[in-house]
Amino acid sequence: MTLLGLTDRSWLCLASVCYLAGLLLGTAALLRDRRQPRLTIYVLVAAGFLLQTLGLYLRGLAVKGCPIGNLFEIFQFTAWSAISLYLVVGATFRLSLLGYFTSCLSTVLMLVSLAMPAWDATRHVAAFGGHAWVEFHAALALFSYGVFALLALTSAMYLLQTYSLKHKHLHGLFSFLPSIFELDLISVRLLVAGVVLMTWSLGIGAIHWVEDLSSVDTPKLVTAGVWLAYLVALILRLRGRLVSQRLAWACVALFALALLSLGPVNASRHPVAPAAPASARKP
Amino acid sequence: MSEPPPTLFLLGASHHTAPLALREKLALAGGKLDALRGELHSFADLREFAVLNTCNRVEIYGVAAQPETVARLQASFCAMNQMDPAVFEQIRLHLHGPDAIQHLLEVAAGVDSQMVGETEILGQVKDAYAAAQAQGTTGPVLNRIFQKTFQAAKHVRTHTAIGEGQISVASVAVDLALKIFGDLQLCHVLMLGAGDIGEKTARAFRSRGAVRMTVASRQFQHAEDLARGFAAAAVPLAEATAGLSEFDIAVCSTAAPERVVTQAMAAAAMRRRAARPLFFIDLALPRNIAPDVASLANVFLYNLDDLAKIAEENVALRQAELGRARALLAEKAGALWGQVEPRMGGNRLPE
């Protein structure tokens, strides 16, 4: 399916260009020791988000469902979720450098997925058994991955700021980082939001799993494991047992593990079919 | 033979041209400033003037109808300050036309200041202009120049890093606190010690939004005295150190020869507030806070040397911006001279 003569992948490529432009602009400002052009980066990321939404919408029309049927689509959807959240969080909390780091993460996720044609050569058929609720559960789970992606970013920023203040390196990149208190506050809120979304997602999924225990496969167990790990992190944080740097390291590590597990999880899913109608795969 | 056109001039001396001993002689303290203004009023061919008088400079900006006016003004200024005109010739700052404008722009922007990038000078230039306006000694030329000067100073501060970073120990400490807590309104600040440096730091915290403050001192009376000035609470030293977990920022500046805060004390406090950072600022010599406190998670410790080093780095960063700032101001000065020159009918003061 095309729009204005461009395929879904072309729209997604254009979105990547916007994110990359935000990344380059932010890097140039940092190298010149200047303040981040926060508004410009926000506008670029927002433009990229619109283009990406269009690309994913076209892909969704082509596959007649939520575009999370292969690794390419999963990476795209995760990046889209993180950015949609950044657009809200960035505008609300005005965290300096968050737009820059979000541009970095989105560019990496987008470019890696676009650079791997094999990831998009096939997609899983009947992955959700034709159940709209199961598809919603999967989309919600991936959206929570987007929340955890943003959490990993704010945690990384927390670690950088702590390093800067502990080691008394206050210039360059460090001088533009938000305060430790703000980063901790937003991280806890993101952790709560991610766990709530994932709990909701798993709750929907569990209704179907109890009806058919044989459907509980590796992907579901891995996803449940990710949820449990984040839930434990949240409980420990709320009880004051996992705080400051240890919490930040835990959030970064958990997201890295969650991201790395996507490949094996995806590979262990149902039979495959061509990724999308031929029109959607035209260059 | 036609009359020579009026001239825009600057006459004076600053810390760049005169040593402190001579600046002391030129300082317009007490009633000397008013006396100088009265003297300048008596020059019939001095069309406009404004006097900038700070601890580091005395500068007269004016528009003279005759080139000789400046020479007569200089003689009068020397006589008034009982200074040998030959000595003044060696230390004087005498510019005219666009160079005078460029100098005023650099002064107002803090580029010419001893502490590069400081902001106090802009207020002093504004005061000098306001006083001249109030006395009716400015006209179309100086009005235009001073008004544009304020805009240019703001422009340079916005578009260069000339004013970036704090350059006093107390302000650096407050900046660090902002990097940790973001908003000082939510923080509880403990001042351990009620001496001068403690007072300066307390003032810096208060001016940047700190509301909740507690003062503790080995001599409770001193704590009460300082606390009164800041509408803060006063507590005995032992009580403050025992309740460290209640505070977000602890500024230590006592004269105690031993450690006032040990690692055990800080660790005990952090057990009660693990998720909230604790920021120690040690301004005392000998140090009041055990250095190993810094190894605790979520605890940040800065001593006098750390703060002074950051202040020095900030000064160096500002110095590095001088070239850019001067280039920007030179553009502004050129444009401004283009605007005021027609109002003066040219400027051809001989050297």
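Of everything listed in (1) within 14 Å of another protein chain (Cβ to nearest Cβ); (2) assigned to a helix (DSSP H, G or I); (3) free of Cβ contacts under 8 Å to residues at least 12 places away in the same chain, the single unmet condition for A:V210 is (1). Mind checking whether some residue in the stretch A:169-184 is over 13 Å from A:L98 (Cα atoms), more than 12 Å from chain B (Cβ to nearest Cβ), surrounded by fewer than 22 Cβ atoms within 10 Å (Cβ to Cβ) and not hydroxyl-bearing (S, T, Y)? The answer is no; no qualifying residue exists.
Quick grid of which residues meet (1) among the charged types (D, E, K, R); (2) in a helix (DSSP H, G or I); (3) at pLDDT below 80; (4) under 18 Å from A:V89 (Cβ atoms):
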position	(1), (2), (3), (4)
A:H137	no, yes, yes, no
A:Y158	no, yes, no, yes
A:L191	no, yes, no, yes
A:S201	no, yes, no, no
A:A206	no, yes, yes, no
A:V222	no, yes, no, no
A:G225	no, yes, no, no
A:A233	no, yes, no, no
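Report yes if some residue within the stretch A:216-233 is buried (at least 17 other Cβ atoms within 10 Å of the Cβ) and within 14 Å of chain B (Cβ to nearest Cβ); otherwise report no. So far as the stretch A:216-233 goes, yes, one or more of its residues are buried (at least 17 other Cβ atoms within 10 Å of the Cβ) and within 14 Å of chain B (Cβ to nearest Cβ). Of all residues in the stretch A:198-215, those that are closer than 17 Å to A:R237 by Cβ and not β-branched (V, I, T) total 1.
Count of the stretch B:75-96 residues, restricted to those that are touching a strand residue (DSSP E or B) at 6+ places or on another chain (Cβ under 6 Å) and over 18 Å from B:N56 (Cβ atoms), is 1.
Give the residue that is nearest to B:V215 (Cα to Cα), with candidates limited to residues of the stretch B:227-277 that are within 14 Å of chain A (Cβ to nearest Cβ) and under 30 Å from the mean Cα position of the chain (by Cα). Checking each candidate, the answer is B:I249.
The residues in the stretch B:177-195 that are buried (at least 19 other Cβ atoms within 10 Å of the Cβ) and either more than 8 Å from chain A (Cβ to nearest Cβ) or in contact with a strand residue (DSSP E or B) (Cβ under 6 Å, 6 or more places away or on another chain) (or both) can be counted, and the count is 10. Regarding the stretch B:125-140, can at least one residue be identified that is out of contact with any His (no Cβ under 8 Å at 6 or more places or on another chain), away from chain A (no Cβ under 14 Å), surrounded by fewer than 17 Cβ atoms within 10 Å (Cβ to Cβ) and farther than 30 Å from B:R47 by Cβ? Within the stretch B:125-140, none of the residues are out of contact with any His (no Cβ under 8 Å at 6 or more places or on another chain), away from chain A (no Cβ under 14 Å), surrounded by fewer than 17 Cβ atoms within 10 Å (Cβ to Cβ) and farther than 30 Å from B:R47 by Cβ.
For the stretch A:151-166, a residue qualifies if it is more than 24 Å from the chain's Cα centre (by Cα) and under 12 Å from A:L97 (Cα atoms), but none of them does. Scanning the stretch A:30-42 for residues being surrounded by 15 or more Cβ atoms within 10 Å (Cβ to Cβ) and without any contact (Cβ under 8 Å) to a residue 40 or more places away in the chain gives a total of 2.
Within the stretch B:173-196, the residues that satisfy the criterion of being part of a helix (DSSP H, G or I) and at pLDDT below 90 are B:L186, B:D196. Output the residues belonging to the stretch B:278-298 that are more than 12 Å from chain A (Cβ to nearest Cβ) and of a type in the set (G, A, S). If the condition is that a residue be more than 12 Å from chain A (Cβ to nearest Cβ) and of a type in the set (G, A, S), then B:A284, B:A290 are the ones that fit.
Scanning the stretch B:312-346 for residues that are aliphatic (A, V, I, L, M), over 28 Å from B:P6 (Cβ atoms) and surrounded by fewer than 19 Cβ atoms within 10 Å (Cβ to Cβ) turns up B:V315, B:A316, B:A320, B:L322, B:A327.
Return yes or no: is B:T160 within 14 Å of another protein chain (Cβ to nearest Cβ), hydroxyl-bearing (S, T, Y) and touching a residue at least 60 places away in the same chain (Cβ under 8 Å)? When the stated conditions are applied, B:T160 passes them.
The values are calculated or read from the model by the stated rules, or taken from the named source; none is laboratory data. None of these values were measured; they are calculated from a predicted model. Every residue, glycine as well, gets a Cβ built from its backbone with ideal geometry; the counts of neighbours run over all protein chains shown.
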